[in-house]
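Right, one structure below, let's go through it.
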Amino acid sequence: MDSILKGHSFIKSPIDVACWDVFGKVVGQPLHLLLGGCYQKKLPLYFSLSSDTKEQMISALKGARSLGYKQ
């Protein structure tokens, strides 16, 4: 891909992901096994707080907490 799409990583990435997906389907294996296995059964969800006014940030934080975010 580098010879055709040199410097266009935003194009190469989805093509790479699609190739792994097709390969997994062909061999009948989930992608996480093809890439080395599962290391965690659960991952914590994080809420990213954007910079804004203090009031807006507090409001966004309260909204995230009401949805169950803890981190």
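The values are calculated or read from the model by the stated rules, or taken from the named source; none is laboratory data. In this text the structure is predicted, and so the values were computed from the model without any measurement. Here Cβ is always computed from backbone atoms with ideal geometry, including for glycine, and neighbour counts include all displayed protein chains. Just so you know, the surface numbers come from the protein's heavy atoms only, side chains and all, with ligands and any DNA or RNA stripped out. Shrake-Rupley method; radii C 1.70, N 1.55, O 1.52, S 1.80 Å.
Quick rundown of the values:
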| item | result |
| --- | --- |
| Between helix 9-27 and the chain: long-axis angle, C-alpha atoms, 0 to 90°, nearest 10 | 70 |
| Longest DSSP-loop-exposure-free segment, chymotrypsin sites (Phe, Trp or Tyr not before Pro), the chain, at most 15 other Cβ within 10 Å | 1-38 |
| With all protein chains modelled, accessible area of S66 [1.4 Å, Å²] | 90 |
| Förster radius 35 Å - calculated FRET efficiency between L45 and S3 (Cβ-Cβ, nearest 0.05) | 0.30 |
| Listed candidates (1) 34, 16, 14; (2) 37, 22, 8; (3) 33, 15, 12 - label of the one calculated as semi-axes √(5λ) of the Cα gyration tensor in Å | (2) |
| Contact order normalised by residue count of the chain, Cα under 8 Å, 6+ apart, percent | 21 |
| Virtual spin-label span in nm between L67 and H32, 7 Å along Cα→Cβ | 2.2 |
| Heavy atoms of K12: accessible area, 1.4 Å probe, square angstrom to 10 | 40 |
